[in-house]
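First up is the structure itself, then whatever we jot down about it.
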Amino acid sequence: MATRGQITEKAVLVHEDEYRKTFPIESYVDETYWADLPIGQRIRWMLKQQASRVVAFVQKALNTSEEKAELAAVWKIFKQDPLEPFVIYWKRYVISGMGLFTEGYVLFSITNIHTLFQQSYQPCWKTFTECSEVWTQTTDYFQVVGIILGQLLVGFLGDWLGRRWGMIQDAVIMLLGAIMLSVATGTTINGWVIMYAISQLVYGVGVGGEYPMTGTSAAEKETPGSRADKLHRGRNVVLAFTMQGWGQLANHGVLMVGLLAFNSKGSGPCSHEPTVRSRGWGQLANLGVLMVGLLAFNTKGSGPCSHEPTVRSRGWGQLANLGVLMVGLLAFNSKGSGPYSHGAAGATYRFSFAFIAVFIAWLAYFRIWRLKGADTHLNASKAKNKASGYDSGSFGMLLKHFWHRLLGTCLCWFCNDFMFYGNATFRTVFIGILVGPNASVMTNWLWNLLNVGVSLFGYHFAAFSIDWKWYGRKRMQAIGFLADFILFLLPAALWGTLTGSVTGTKVFQFIYFFSSFWNQFGPNCTTFLVAAEVYPTSVRSTAHGMSAAVGKCGALVPTVLFNYIGNTTKFWVVCWAGLLGFFMTVMFIPDATGLDLLEQERRWDYMQQGRGKEYHGIAVHPRHLSLFEKGVLGIHHQYNPELDAEAKKAEASQKVSQRLQDEDVVKIADDQ
């Protein structure tokens, strides 16, 4: 039996161990926080922890950089099994971003399909002699309206019922929407347009929920307070988000391969009917595709065939979408360039949505039967707050204490989406300047491919550098906004010069693509991340959904507005969103780079107990606060590492006492 002295010695040792855990080496030098180090020592410490390739070359003697350690681990796994690193990447990032894959696939297909419809059925999509112009235009933004509804609804449900149930309902609604898009029809062509718009609205509700669910789940992937949480949380979230970009690239790649495989020339006039190849395997394959398409898309398998396009129906999603569209167009139209028959356009459009429905069905299966542990952090927060349903008390405190952060994440996301979707909306204007107003659908898609490649580089460069303490989220977002402001201002001010000569057109081309890079290596990635990490667990999904919904309003405004203003005016309108985003970032966005979620929850606990001003930890360090929180609210004055060390000792003692009491209870129960 243990003596009293042995018990006391054990308590002291456990207490010291708990206390030391509060000063992890990835954030502290002894008991000094990295941001409190003298400037020279701080720079050396940051470079040593996360050395870039250039720094690694200069600092060859340093073998402790995070990148080097990770590369060594990957190489060790690769030698044991060459495919294992890809399996790990699939499980950690591809699956978590699969919802955004489907979002990118369908949302960004609207512009591509619209271009096809404008060429294949002009009375409905260009001259509006057979369709309502109002309903035709709603197909550009009805999905955005659905996304806004889904972001608000599922953001709330994610904090009420849990992350897992939110993700399940997202997948189910998206599957329903994809099926509706594939089979949408009507007694008239205008009736089909109406059903097409309504189907997009339904699909949009499911897609909208992916924003708060993917963002919060990726941010909560690691154990709070762990090394990975501090050093890789940003990368986890952004790599899930890059699925949107990879989707665009895969789509274009499939389209180009299909053009070479099915068209044999890549150019030339197309028939007005979906004919087949004249000889060999091409004829056999095309005939098979046509027969399957006739059965799938005409609903009967025998004539007469419908003449309207009324057949069944961010990241990797956009890529896959363009691939399916191009392959479908080539398969059903027999050529890669126009004019395109009504049947070819309809079959291509329905095939593209039926294709993505298969992926969504798998996603629904995975989330229902295979997804585990998505609610671990939320359940722990609810247990601590003794909240069984939605934590309305925490939401009230969010509005009271973090309203300025909510203002910042909402308006910055609004400015980003205004630029991002505005850029996508006048993409055809840009391509028209480069290749002329009568460019074929295939030409438009090929130029889109180049833009996607540039954007994809920005996505991954952001993921690579977003956790660097000397750069981080806030600086990346501010610089990205400012760069896009300048790059959109130039075409507005120099429109005549840039569009009036060959040299000017080349400069315009560079400006357009460079703006895509800075948008991805900037606010398009960071707005998604920041809204998932600067709020407490109990209301994180709600705050992320609210921020995303306001952001999507920024996508909705240019979609509608650009129907009524000229090309030069579009650039004048969009550029100011970049400048506003820059100022909102500087003023209201805190920098959580290197700050773990556990420490933020620790501050939140103090605030819930009405002792917010007694918290003196690193969550109120000037490094991690916005300019508004420092200059107006003066929250940084609370930071005091000495007082915080004393508080940590008291908290460690309390944990040790509770642990020893629990052990005694278990021991007594075992003895009995």
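The values are calculated or read from the model by the stated rules, or taken from the named source; none is laboratory data. Here the structure is a predicted model, which means the values were calculated and not measured. When we count neighbours, we look across all protein chains shown, and the Cβ atoms used for this are built from the backbone with ideal geometry, even at glycine.
Since D671 meets every condition but one in (1) out of contact with any helix residue (DSSP H, G or I) (no Cβ under 6 Å at 6 or more places or on another chain); (2) surrounded by 14 or more Cβ atoms within 10 Å (Cβ to Cβ); (3) at pLDDT below 80; (4) not small (G, A, S), which condition does it not meet?
Evaluating D671 over (1) out of contact with any helix residue (DSSP H, G or I) (no Cβ under 6 Å at 6 or more places or on another chain); (2) surrounded by 14 or more Cβ atoms within 10 Å (Cβ to Cβ); (3) at pLDDT below 80; (4) not small (G, A, S) leaves (2) as the failure.
Here is a list of conditions, (1) more than 18 Å from W246 (Cα to Cα); (2) in a helix (DSSP H, G or I), and P82 meets all of them except one; can you say which number that is?
(2)
Look through the range 225-271, keep the residues that are part of a loop (DSSP other than H, G, I, E, B) and at pLDDT below 50, and return whichever of them is surrounded by the most Cβ atoms within 10 Å (Cβ to Cβ). Steps first, answer last, please.
Here is the first cut: in the range 225-271, the residues part of a loop (DSSP other than H, G, I, E, B) are 225-226, 242, 264-271.
Now restrict to residues that are at pLDDT below 50: 264-271.
Values: S264: 13, K265: 10, G266: 15, S267: 12, G268: 10, P269: 9, C270: 21, S271: 13.
If we take residues in the range 225-271 being part of a loop (DSSP other than H, G, I, E, B) and at pLDDT below 50, then C270 is surrounded by the most Cβ atoms within 10 Å (Cβ to Cβ).
Among all residue pairs at least 6 apart or on different chains, which show Cβ distances below 6 Å where the first residue, located in the range 157-177, is outside any helix (DSSP H, G or I) and the second is surrounded by fewer than 22 Cβ atoms within 10 Å (Cβ to Cβ)?
G162/D375
Would you confirm whether or not the range 534-551 contains a residue that is out of contact with any Lys or Arg (no Cβ under 6 Å at 6 or more places or on another chain), among the aromatic types (F, W, Y), at pLDDT 85 or above and assigned by TED's automatic domain parsing to the domain that holds G209? Talk me through it step by step, then tell me what you get.
So the first thing to find is which residues in the range 534-551 are out of contact with any Lys or Arg (no Cβ under 6 Å at 6 or more places or on another chain), and the list is 535-551.
Subsequent filtering for residues that are among the aromatic types (F, W, Y) retains 535.
Among the residues that remain, those that are also at pLDDT 85 or above are: 535.
After this cut, where a residue has to be assigned by TED's automatic domain parsing to the domain that holds G209 as well, the list is 535.
Within the range 534-551, one or more residues are out of contact with any Lys or Arg (no Cβ under 6 Å at 6 or more places or on another chain), among the aromatic types (F, W, Y), at pLDDT 85 or above and assigned by TED's automatic domain parsing to the domain that holds G209.
With the structure loaded, tell me whether T64 is over 30 Å from S352 (Cα atoms), in a helix (DSSP H, G or I) and at pLDDT below 65 or whether it fails that test.
Working: over 30 Å from S352 (Cα atoms): yes; in a helix (DSSP H, G or I): no; at pLDDT below 65: yes.
No.
Right, N416: within 26 Å of N563 (Cα to Cα), of a type in the set (S, T, N, Q) and either within 21 Å of the chain's Cα centre (by Cα) or at pLDDT 85 or above (or both) or not? Explain how you work it out, then say what you get.
Working: within 26 Å of N563 (Cα to Cα): yes; of a type in the set (S, T, N, Q): yes; either within 21 Å of the chain's Cα centre (by Cα) or at pLDDT 85 or above (or both): yes.
So N416 passes the test.
Among residues belonging to the range 560-574 that are crowded, with 21+ Cβ neighbours inside 10 Å and not charged (D, E, K, R), point out the one that is farthest from the chain's Cα centre (by Cα). Talk me through it step by step, then tell me what you get.
Initial filter on the range 560-574 (crowded, with 21+ Cβ neighbours inside 10 Å): 570-571, 574.
Next, only the ones that are not charged (D, E, K, R) stay: 571, 574.
Working: F571: 25, V574: 21 Å.
That would be F571.
Can you name the condition, by its number, that M397 falls short on among (1) within 26 Å of the chain's Cα centre (by Cα); (2) surrounded by 13 or more Cβ atoms within 10 Å (Cβ to Cβ)?
(1)
Checking the structure you have, find out if any residue of the range 192-202 is at pLDDT below 90, surrounded by fewer than 24 Cβ atoms within 10 Å (Cβ to Cβ), of a type in the set (F, W, Y) and farther than 24 Å from H624 by Cβ.
yes
Condition test on Y19, is it within 27 Å of the chain's Cα centre (by Cα) and either at pLDDT 55 or above or part of a helix (DSSP H, G or I) (or both)?
Details: within 27 Å of the chain's Cα centre (by Cα): no; either at pLDDT 55 or above or part of a helix (DSSP H, G or I) (or both): yes.
Answer is no for this residue.
Out of the residues in the range 533-579 that are β-branched (V, I, T) and in a loop (DSSP other than H, G, I, E, B), which is nearest to F414 (Cα to Cα)? Talk me through it step by step, then tell me what you get.
Narrowing the range 533-579 to residues β-branched (V, I, T): 534, 537, 539, 542, 550, 557, 559-560, 565, 568-569, 573-574.
Going one step further and asking which of them are in a loop (DSSP other than H, G, I, E, B), we end up with 534, 565.
Numbers: V534: 18, I565: 20 Å.
In this case the residue turns out to be V534.
Please enumerate the residues belonging to the range 377-400 that are out of contact with any helix residue (DSSP H, G or I) (no Cβ under 9 Å at 6 or more places or on another chain) and part of a helix (DSSP H, G or I). Before the answer, list the steps.
Our first condition is that a residue be out of contact with any helix residue (DSSP H, G or I) (no Cβ under 9 Å at 6 or more places or on another chain); within the range 377-400, this holds for 379, 383, 386, 392, 396, 400.
Matches in the range 377-400: N379, A383, S392, G396, K400.
For the structure I just gave you, tell me whether V632 is under 28 Å from G208 (Cα atoms), surrounded by fewer than 21 Cβ atoms within 10 Å (Cβ to Cβ) and more than 22 Å from the chain's Cα centre (by Cα). So that I can check it myself, show each step before the final result.
Details: under 28 Å from G208 (Cα atoms): no; surrounded by fewer than 21 Cβ atoms within 10 Å (Cβ to Cβ): yes; more than 22 Å from the chain's Cα centre (by Cα): yes.
So V632 fails the test.
Among residues belonging to the range 503-530 that are β-branched (V, I, T) and surrounded by 24 or more Cβ atoms within 10 Å (Cβ to Cβ), point out the one that is farthest from P212 (Cα to Cα).
First, the residues of the range 503-530 that are β-branched (V, I, T): 503, 505, 507, 511, 526-527, 530.
Remaining after also requiring surrounded by 24 or more Cβ atoms within 10 Å (Cβ to Cβ): 526-527, 530.
Numbers: T526: 14, T527: 12, V530: 12 Å.
Step by step, filter the range 503-530, then rank; the result is T526.
I'd like to verify a number: residues in the range 25-44 that are in a loop (DSSP other than H, G, I, E, B) and of a type in the set (S, T, Y), how many? If you could, list the steps in order and put the result at the bottom.
Filtering the range 25-44 for residues in a loop (DSSP other than H, G, I, E, B) gives 25-27, 30-31, 37-38.
Within this subset, residues satisfying the condition of being of a type in the set (S, T, Y) are 27.
Final tally of qualifying residues: 1.
Of all the helices (runs of 4 or more DSSP H) wholly in the range 88-155, which have at least 3 residues that are crowded, with 19+ Cβ neighbours inside 10 Å and of a type in the set (S, T, Y)?
Details: elements: 98-107, 109-120, 122-125.
Result: 109-120.
In this structure, does G346 turn out to be modelled with pLDDT under 75, assigned to a helix (DSSP H, G or I), closer than 30 Å to T223 by Cβ and in contact with an Asp or Glu (Cβ under 7 Å, 6 or more places away or on another chain)?
Working: modelled with pLDDT under 75: yes; assigned to a helix (DSSP H, G or I): yes; closer than 30 Å to T223 by Cβ: no; in contact with an Asp or Glu (Cβ under 7 Å, 6 or more places away or on another chain): yes.
The answer is no for G346.
Residues in the range 194-205: is at least one part of a helix (DSSP H, G or I), in contact with a Leu (Cβ under 6 Å, 6 or more places away or on another chain), more than 20 Å from K91 (Cα to Cα) and not hydrophobic (A, V, I, L, M, F, W, C)?
Yes: the range 194-205 contains one or more residues that are part of a helix (DSSP H, G or I), in contact with a Leu (Cβ under 6 Å, 6 or more places away or on another chain), more than 20 Å from K91 (Cα to Cα) and not hydrophobic (A, V, I, L, M, F, W, C).
Tell me whether the range 215-224 contains one or more residues that are basic (K, R) and outside any helix (DSSP H, G or I).
Filtering the range 215-224 for residues basic (K, R) gives 221.
This time we only want the ones that are outside any helix (DSSP H, G or I), so: 221.
Yes, that holds for at least one residue.
If only one of P123, P82, P24 is over 24 Å from the mean Cα position of the chain (by Cα), at pLDDT 75 or above and closer than 30 Å to A347 by Cα, which one is it?
Details: P82 fails: closer than 30 Å to A347 by Cα; P24 fails: closer than 30 Å to A347 by Cα.
Selected residue: P123, the only one of P123, P82, P24 that is over 24 Å from the mean Cα position of the chain (by Cα), at pLDDT 75 or above and closer than 30 Å to A347 by Cα.
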